[in-house]
1. Would you check which residues across region 80-100 are away from ligand 1 (no atom under 14 Å from the Cβ) and surrounded by 17 or more Cβ atoms within 10 Å (Cβ to Cβ) and list them?
2. Could you identify the single residue in 277, 304, 324 that is in a helix (DSSP H, G or I) and either more than 16 Å from ligand 1 (Cβ to nearest atom) or more than 28 Å from residue 85 (Cβ to Cβ) (or both)?
3. Take the conditions aromatic (Phe, Trp, Tyr), part of a loop (DSSP other than H, G, I, E, B) and more than 13 Å from ligand 2 (Cβ to nearest atom) and apply them to residue 339. Does it pass?
4. Does region 398-410 include one or more residues that are among the hydroxyl-bearing types (Ser, Thr, Tyr), open to solvent by 70 Å² or more (accessible area, probe 1.4 Å) and touching a residue at least 40 places away in the same chain (Cβ under 8 Å)?
5. If you go through region 418-432 one residue at a time, do you hit one that is aliphatic (A, V, I, L, M) and under 24 Å from the mean Cα position of the chain (by Cα)?
6. Does at least one position in region 382-390 carry a residue that is of a type in the set (A, V, I, L, M, F, W, C), over 21 Å from residue 259 (Cβ atoms) and open to solvent by 10 Å² or more (accessible area, probe 1.4 Å)?
7. State whether the residues of region 350-357 include one that is assigned to a strand (DSSP E or B), away from ligand 1 (no atom under 12 Å from the Cβ) and either closer than 30 Å to residue 465 by Cα or not assigned by TED's automatic domain parsing to the domain that holds residue 443 (or both).
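The values are calculated or read from the model by the stated rules, or taken from the named source; none is laboratory data. Please read these numbers as outputs of a predicted model, since none were measured by experiment. Virtual Cβ from ideal backbone geometry, glycine too; neighbours counted across all protein chains shown. Surface accessibility is based on the protein's heavy atoms, side chains included, excluding ligands, DNA and RNA. Shrake-Rupley method; radii C 1.70, N 1.55, O 1.52, S 1.80 Å.
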Amino acid sequence: MGCAASAPTAEEKEAEARDNEIEKQLLQEKRELMSERTIKLLLLGAGETGKSTILKQMKIIYGVGFTPAEILLFATTIQLNLLQCIKTLTMAMDILKIPYGFDPENPTVMQRKHKIQALEKELNQELSHVMSAMASNSPPEMSASNLQALAEETAGLMSPSSSIRSSFHLSSGRVLQRDGSIAKMARRIYEEDMEEEARQNRKGSFELKGDHVMKSVRVVNSERIQKEFGAGKTIPPDFLKAVEILWSDKGVQYCFSRSNEYQLVECCPYLMKNMKRICAPGFKPTEEDILNARIMTTTVSETRFIADNITYRVFDVGGQRSERRKWAAFFDDVEAIIFLVAISSFDQTCAEAEGMNRMVESINVFSSIVNYPLFKKTGIILFLNKIDLFKEKIKTSQVSNYFPTFKGDNTSFEETSRFFVEKFDSLNGIPNKTVYTHLTWATDTKQITKILKDVRACIRKLNLESAGLE
Ligand SMILES: Nc1nc2c(ncn2[C@@H]2O[C@H](COP(=O)(O)OP(=O)(O)O)[C@@H](O)[C@H]2O)c(=O)[nH]1
Ligand SMILES: [Mg+2]
């Protein structure tokens, strides 16, 4: 026999309504209590992924701002970033053996390169030939040291720059005369160069580049210049001139296009674009300058701001391997983590781990964070950052060269970025846990304002959920 429920009496109904009202009130009180709560938020990720930039954005967006001392520090940092940039570029020119003035767009360049290589080879043979001849019968016009200098200058030169031409002039044709083929080849290259010079002259933009450029290389790498950088110092005008000359050099531009092969700060093009202002006496950085400044984080910093009645305590940490040891000390009571990955780093290697792909490094670190037992209830928000650089990069660098499992269209932002979103999502091994992913551009305040709004809503929701209020 079934047990039919009798209809509630008026008294019971009243009691139930009262209970409901009390429960609602309790919930409301609890919500209010929650809204006064403090949320601990960690910014995690490998080195140079944009953690400190996101923190700077939070300071700008939530009105914390920067102290005069911080602004002064940023001014010096930006100037030092510029010095570091140009020194790195000149070093990379040497390492990658790119000649100043090298223009990959010029169709004759590759042809010339091969000619010069052949010339270099023959010249070396010639050198040993002449050296042994000189041992018995030294030609009066040509000293051994002259020849040696000529050979050294030729070695490593891959394009018909003015220095190789002047070497041939200086050697008064002696070497050239000894061997018809070298002479012919050199003359042809010389003639081609003269034609090019005449063409440039006609355009009115010709400058005797070689000397200017080499002098500029010496200036930016000199100890004198190094000493002129620092708080309260004025950058000498010859430094700015040298940077201008080098940055406009086609070979340096080509070297810059290969910057995934060495470590160059991300803000290089920004600094170059603004070099005049940055080097001016009394330089005061703008917010955009500050967002582009690169300081390696070595101490954990805490920043507080209030938004939606919630106090956020944001911790910014260093991302390099040596710095990650310090992370665990901050892992207790973390409500949310913003994990940063530089999506543009898929074709780069780590500075601190030679040979390790930066994206693979990020994948490994993210995998250990998302599956860390202590973070089971922690909200994980993933920023696949530097999409501006990524969009540019996929025009020339193929994702599938570094991640062969990618089978889509290498030039499509949608397909390549989706590949990485899915890759990171697949690392989450905790059931019922969601990773909230955003494609971000950390130096763009407009985009980050919108993203942080979504992040705050997400954190609030997660926070209420974990407190059993939603
Ligand atoms: N173009 C571009 N540069 C970025 C972006 N995010 C960060 N950077 C730059 O990358 C460099 C390293 O960023 P930083 O925040 O110091 O990285 P952290 O080591 O993770 O703290 C700085 O020069 C930033 O200005 C981005 O989305 N786009
Ligand atoms: Mg940092």
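1. The answer is 83, 86, 89, 90, 92, 93, 98, 99, 100.
2. From the options 277, 304, 324, the qualifying one is 277.
3. Working: aromatic (Phe, Trp, Tyr): yes; part of a loop (DSSP other than H, G, I, E, B): no; more than 13 Å from ligand 2 (Cβ to nearest atom): yes.
So residue 339 fails the test.
4. Step one: of region 398-410, the residues among the hydroxyl-bearing types (Ser, Thr, Tyr) are 400, 402, 405.
Next, from what is left, pick out any that are open to solvent by 70 Å² or more (accessible area, probe 1.4 Å): 402, 405.
So of that shortlist, the ones also touching a residue at least 40 places away in the same chain (Cβ under 8 Å) come out as 402.
Within region 398-410 (the criterion being among the hydroxyl-bearing types (Ser, Thr, Tyr), open to solvent by 70 Å² or more (accessible area, probe 1.4 Å) and touching a residue at least 40 places away in the same chain (Cβ under 8 Å)), the answer is yes, since at least one residue qualifies.
5. yes
6. No, region 382-390 contains no residue that is of a type in the set (A, V, I, L, M, F, W, C), over 21 Å from residue 259 (Cβ atoms) and open to solvent by 10 Å² or more (accessible area, probe 1.4 Å).
7. We begin by selecting, within region 350-357, every residue assigned to a strand (DSSP E or B); these are 357.
With the extra rule that they be away from ligand 1 (no atom under 12 Å from the Cβ), the set shrinks to 357.
Cutting the leftovers down to either closer than 30 Å to residue 465 by Cα or not assigned by TED's automatic domain parsing to the domain that holds residue 443 (or both) gives us none.
Checking region 350-357: not a single residue is assigned to a strand (DSSP E or B), away from ligand 1 (no atom under 12 Å from the Cβ) and either closer than 30 Å to residue 465 by Cα or not assigned by TED's automatic domain parsing to the domain that holds residue 443 (or both).
For every residue, the table says whether it meets (1) in a loop (DSSP other than H, G, I, E, B); (2) in contact with a strand residue (DSSP E or B) (Cβ under 9 Å, 6 or more places away or on another chain); (3) under 12 Å from residue 83 (Cα atoms).
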position: 218; (1), (2), (3): no, no, no
position: 231; (1), (2), (3): yes, no, no
position: 239; (1), (2), (3): no, no, yes
position: 255; (1), (2), (3): no, no, no
